[in-house]
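Here is the structure we will look at.
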Amino acid sequence: MRRCVQRILQGTPTISLSDDQKKKYRKQLAMPGITEESQERLMQSRILILGTTEIAFVCAEQLMRVGAGHLELAGSSVYDLHLLAERLEAAGAKQCTQVGVAERTFDAHDSEDLIRSFDVVVDAMIDWQLKLVASDACMRLAKPLVHVGGEGFRYQLYTMRPGLSACLRCVFPRIAIDDFPKAPDEDASFPPVPSVLGALQAIEAAKLAARFGASQGNELFKFDFLSGEMEMITGLDAVADCPDCGKRRR
């Protein structure tokens, strides 16, 4: 895997799968709905992963395994981002995904400049206010956002597609989450939980980037891994009078 700390210019050349690439990805190309064209789109894709959590690591690692073209890591701590990049470099030594590290922190001041050149944004952050910043910027730039949030054994997964989906500011009250929820205990972790969540985010991000399968954009999944319960909340369409998602409503 090439370590690419510098920014890569927007725009990618046309890619045609080589015989070696067809062999490398033969198992996923055998999956229903995945074609050589969708694999090519995935290999050209640029995906931004926000956060330095274990969820972010699992998501990035899985996207590397399926052949995402370029992953950029961004968050509130550049030091932690470089540690995450080093872990990915060790885990994906035989992969060809380019991994970049944003040398500026992700915040409200330049979030749009950071997000602008990417096809899909993944929210694997802990800070709920930064999640809202990501939602606002993605909605303004019409970029899909794959959100995961929660704590302990209880989490939700939501794919926000501008024009089809409500923004996080509209979604959170509907699923009984305040704008200032209790901060999760960062020392509390059960490793299978972030593994599942990161893999789910990787699936959603890959589907959006490669344009295969269905991603409705108005459904949210709630998981309680302790009780084994799962709930799907539907009808999370863009809200007409919202200054964020309402402007993108189709």
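Worth a mention:
- Breaking point among (1) in contact (Cβ under 8 Å) with a residue 24 or more places away in the chain; (2) within 30 Å of E36 (Cα to Cα); (3) open to solvent by less than 60 Å² (accessible area, probe 1.4 Å), for D224: (2)
- Some residue of the stretch 170-188 being open to solvent by 90 Å² or more (accessible area, probe 1.4 Å), closer than 27 Å to E61 by Cα and free of Cβ contacts under 8 Å to residues at least 12 places away in the same chain: yes
- Subset of the stretch 104-143 that is under 23 Å from A202 (Cβ atoms), of a type in the set (D, E) and at pLDDT 95 or above - its residue that is most open to solvent (accessible area, probe 1.4 Å): D119
- Test result for L197, closer than 14 Å to M160 by Cβ and crowded, with 21+ Cβ neighbours inside 10 Å: no
- Tally of residues being open to solvent by 60 Å² or more (accessible area, probe 1.4 Å) and in contact with a helix residue (DSSP H, G or I) (Cβ under 9 Å, 6 or more places away or on another chain) across the stretch 206-220: 3
- Total residues in the stretch 26-36, condition over 23 Å from V122 (Cβ atoms) and either free of Cβ contacts under 8 Å to residues at least 12 places away in the same chain or in contact with a helix residue (DSSP H, G or I) (Cβ under 7 Å, 6 or more places away or on another chain) (or both): 6
The values are calculated or read from the model by the stated rules, or taken from the named source; none is laboratory data. A quick note: this is a predicted structure, and the numbers were derived from the prediction, not measured. A quick note on method: Cβ atoms are made from the backbone with ideal geometry, for glycine too, and the neighbour counts reach across all protein chains shown. The area values use the complete protein model at the heavy-atom level, side chains included, leaving out ligands, DNA and RNA. Shrake-Rupley method; radii C 1.70, N 1.55, O 1.52, S 1.80 Å.
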